[in-house]
1. Having 2 or more residues that are modelled with pLDDT under 80 is the bar; report the helices (runs of 4 or more DSSP H) wholly within the stretch 223-311 that clear it.
2. When you scan the stretch 796-805, do you find a residue that is surrounded by fewer than 22 Cβ atoms within 10 Å (Cβ to Cβ), outside the structural domain of Pro665 (by TED's automatic domain parsing), assigned to a loop (DSSP other than H, G, I, E, B) and not aromatic (Phe, Trp, Tyr), even just one?
3. For a quick check of your reading: which helices (runs of 4 or more DSSP H) sit entirely within the stretch 544-627 and have at least 1 residues that are modelled with pLDDT under 85 and out of contact with any His (no Cβ under 9 Å at 6 or more places or on another chain)?
4. Within the stretch 759-779, which residues are exposed (fewer than 12 other Cβ atoms within 10 Å of the Cβ), hydrophobic (A, V, I, L, M, F, W, C) and in a strand (DSSP E or B)?
5. Which residue pairs have Cβ atoms under 8 Å apart, sit 6 or more places apart or on different chains, and have a first residue in the stretch 632-648 that is at positive phi and a second that is aliphatic (A, V, I, L, M) and part of a helix (DSSP H, G or I)?
6. Scan the stretch 665-692 residue by residue and report those that are crowded, with 16+ Cβ neighbours inside 10 Å, not aliphatic (A, V, I, L, M) and not in a helix (DSSP H, G or I).
7. Kindly evaluate Gly511 against the criterion of being closer than 22 Å to Leu408 by Cβ, part of a helix (DSSP H, G or I) and either without any contact (Cβ under 8 Å) to a residue 24 or more places away in the chain or not assigned by TED's automatic domain parsing to the domain that holds Leu48 (or both).
8. Taking into account only those residues within the stretch 434-449 that are modelled with pLDDT of 80 or more and assigned to a loop (DSSP other than H, G, I, E, B), which is nearest to Leu408 (Cα to Cα)?
Amino acid sequence: MHGANDPTPAPTTTVARRIRAAHLAMGLRQPEGRMAAVVAITGLAWSLFQLWVASPLPEWLGVGVFNEARIRSIHLAFAVFLALLAYPVLRRHADRPVPMADIVLAALAALSAGYLALFYESVGAHTGDPTGIEVAFAAVGVALLLESTRRVLGLPMVGLAATLLVYILFGEQMPDLIAHKGASFSHAMGHLWLGTEGVFGVALGVSAGFIFLFVVFGALLETAGAGSYFIRSAVALLGHLRGGPAKAAVVASAATGLISGSSITNVVTTGPLTIPLTKRVGYPAEKAAAIEVAASVNGQVMPPVMGAAAFLMVEYVGVPYVQVLKHALISALVSYLGLLYIVHLEAVKADLRGLPRRHSPRWQRSLANVSLGVLGFAGVLATVSLIGTVVHALVPKLSFAVMALLLLVAYLVLLRLSAPFASTDDSAERPITALPAFGPTVRSGLYFLLPVGALVWNLVIEQLSPTRAAFWATLFLAFIVLTQRPLLAWFRGEGDVVASAWRGAQDLVDGLATGARNMVTVAVATATAGIIVGTVTLTGIGLVMTDLVTALSGGNILLMLVLVALICLVLGMGLPTTANYIVVSSLMAPVIVSLGAQNGLLIPLIAAHLFVFYFGLMADIAPPIGLASYAAASIAVANPFRTGKIAFRYSLRMVLLPFMFVFNPQLLLIGVEGVGHTLITLASATLAGFAFISVNQAWLLIKSTGRERLMMLLAVFMLFNPGMFMDPLFAPYDALTGEAAEAAIVEAPPNARLRVYLSGTTLEGEQVERGVLLPLGEPAPTATRRLANGGVGSVISEAGFTITRVEFGSQAAKLGIQAGFRITAVEVPSDRPAQEWMFLPALALIGAVVRLQRRRRAALADTASAAP
């Protein structure tokens with residue numbers, strides 16, 4: 001880790017490796033001998049099982065077909081077995097052999113978790129009335145799941161789950177505000193363990209379906225050398241700029257965030273290389289660590305994976321995967337571009353420089369290398385998407401086979417071109433002491449981009465399910481891992497291709513086993529989160545949370561959002577990204593939508609989910625339990641509390657953004673039509689992010705005065721939420737009823753979300769009046785058919801629309817719409833000036849600040865030059 005000029009103490013490497021061992025879920029124990037073989041074989045078997053159930057082979061062959069419940073059961077059985085073998089009872093016992101007690105507990109946990117798969121028909125025959133043996137296995141399973149979670153993740157999540165278990169069993173004895181009718185022990189265990197409402201619910205299903213394949217995908221990329229390639233390419237691209245290594249850390253974390261499922265994983269993957277580099281060019285240890293923390297947490301909001309939250313949002317919100325990526329895109333870009341700007345301002349304020357170049361090549365060669373590198377890096381992904389689109393249009397029935405052949409040819413061509421520069425022995429922790437040559441560095445691994453391109457093509461063009469898309473991309477990547485060493489040896493004429501092929505096979509086995517062990521954290525976390533979800537469905541605690549926030553906020557929307565944000569910060573402490581999202585979205589997302597509708601603010605469901613997701617992630621940063629901050633501080637040999645404070649300050653734009661896209665859903669590309677409108681929205685949001693950072697850093701061209709910061713802050717709100725200033729002048733919506741409402745429904749654009757106001761009585765007997773953003777689906781000639789396309793059956797009478805049915809699992813059902821509700825009004829945008837006109841005074845304010853600072857900077861320069 002340490003170059004000759006690296007001032008970082010040697011223990012940093014040791015600490016970083018310990019963190020890597022702990023937080024990449026490789027297990028605190030490193031068993032030897034027979035037990036090591038058991039763990040490795042179990043991990044390999046788990047990966048092969050997951051690849052089998054994700055593949056089309058069971059359907060084609062009619063062999064080994066498992067239903068969803070059985071897959072989830074077997075998935076958890078593997079996870080708890082590995083958790084209890086790989087993690088000791090106490091962390092200080094990590095260097096001891098695996099005791100017999102842990103082996104027995106691991107076997108018993110696996111049997112309890114696998115009970116649903118083994119006796120599925122028997123359990124299903126008397127659903128809701130479990131037998132004594134079933135209750136016993138469920139109780140043992142819940143207890144050992146909590147013990148597995150304690151060993152892997154610590155006490156925070158176990159404490160929350162245990163608290164909710166007490167709440168389930170003793171609900172009648174709780175204070176009136178949170179009381180419920182309670183549940184018997186057998187009913188609670190049956191609900192949580194013997195069905196798909198609790199532990200084996202949607203969260204674990206996403207873990208077993210989507211997340212596992214993406215974790216294996218990431219492990220295989222790392223095994224293949226892509227992690228080192230992404231980091232070194234980022235350093236080669238940006239390392240020579242002001243604060244270049246810190247900017248490279250941001251870009252590398254963005255690349256890692258595409259496949260990583262944890263902000264802590266991001267820190268310990270890129271941090272051991274980028275943090276010492278950042279310190280070397282002059283950043284203090286706390287700031288170097290804080291930059292890595294902020295960049296790594298940003299990786300969790302970066303499409304296409306978003307720490308696996310993207311796949312969970314598909315299930316919880318009920319929108320297609322591509323729509324989730326679309327909604328998350330602008331906020332993710334603003335976050336990353338903003339962090340690059342923060343790094344730049346810190347470098348300017350401290351007058352920091354970048355890495356030294358190895359030599360000064362002729363400008364023609366330098367320009368050619370950079371051009372080839374940039375075009376190659378961007379061109380590979382663009383070419384895969386473009387060719388895939390053309391092939392799909394020309395031969396739709398054969399497009400998959402044709403693209404598979406083309407990708408194989410592209411791999412061989414790019415690998416051949418990479419052969420003079422590629423090295424399969426590069427370590428991501430090998431120190432960088434001078435700026436790598438950009439062109440050769442980028443060209444050394446362009447073929448690593450092909451599986452990512454194939455993944456995007458499968459999802460967007462072929463529109464395969466995320467599980468099937470990830471399977472084919474992982475299979476392609478496994479082929480690369482298996483063949484890259486022997487092919488490189490052959491292309492270079494190095495001989496001994498057989499030995500290289502054997503090393504490739506070892507890499508593949510290691511990658512699959514590593515991916516499985518990396519999944520232990522996610523699997524036990526999502527399973528334990530299922531206890532929380534099960535509590536919500538069994539007790540109605542979601543309504544309790546709504547009542548609590550309503551009482552505390554007094555109906556004030558802004559105060560309500562602040563309270564939800566604080567609760568999400570507390571709920572997210574100590575949780576990995578996936579479990580974090582499940583917890584906060586289950587408990588708090590419905591609160592935002594419900595209270596917003598009660599107070600006249602119709603908040604899209606996706607906006608509510610992204611809001612709670614962002615604030616749950618902030619728990620990884622904020623002291624006192626900011627695990628990402630602790631990990632980065634350990635690598636940097638810095639104070640973790642100061643690191644967390646600085647990282648939180650660097651991430652304040654992620655605190656502001658969720659409030660802004662709740663009040664202005666255009667930041668989620670909701671209601672944005674056309675390329676021009678999209679570009680204006682992206683540009684204004686980016687500029688607003690930069691302006692807010694200038695306010696936060698008190699620096700634009702020079703140090704800002706208080707008046708200049710206030711002017712910039714006003715511009716920030718004008719750019720982020722122009723409706724805040726336009727709405728008091730012009731009413732944003734017109735309310736329609738009767739035939740006008742029918743016409744508005746028919747004429748709405750395809751897949752539009754219409755502002756609809758409802759009244760009625762719920763199944764629980766509660767009288768409600770609420771507004772929702774109702775998805776309409778495809779166009780239709782009549783209003784009733786248009787509503788039916790959105791999952792809502794209705795009839796029209798003199799009293800207006802009456803809802804007769806709501807399709808199960810539809811977005812309408814997720815919004816709480818029920819049969820018997822009446823549509824009282826429909827709102828459509830009013831004929832008023834576009835709110836984007838508010839951008840002009842915002843630009844004028846920013847321009848005025850720039851002029852003021854230019855004059856002051858010139859005056860300071862004149863004063864300095866006149867001084868003797």
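The values are calculated or read from the model by the stated rules, or taken from the named source; none is laboratory data. Owing to the predicted nature of the structure, the values given are computational and were not obtained by experimental measurement. Note: ideal-geometry Cβ built from the backbone for every residue, glycine included; neighbour counts use all protein chains shown.
1. 226-238, 244-257, 263-280
2. Taking every residue of the stretch 796-805 in turn, at least one turns out to be surrounded by fewer than 22 Cβ atoms within 10 Å (Cβ to Cβ), outside the structural domain of Pro665 (by TED's automatic domain parsing), assigned to a loop (DSSP other than H, G, I, E, B) and not aromatic (Phe, Trp, Tyr).
3. Values: elements: 557-571, 577-587, 589-598, 605-618.
It comes to 557-571, 577-587, 589-598.
4. Of everything in the stretch 759-779, nothing turns out to be exposed (fewer than 12 other Cβ atoms within 10 Å of the Cβ), hydrophobic (A, V, I, L, M, F, W, C) and in a strand (DSSP E or B).
5. Val637/Val15; Val637/Ala285
6. Once the filter is applied, which keeps residues that are crowded, with 16+ Cβ neighbours inside 10 Å, not aliphatic (A, V, I, L, M) and not in a helix (DSSP H, G or I), the stretch 665-692 yields only Gly671.
7. Judged against the criteria, Gly511 is a match.
8. Gly445
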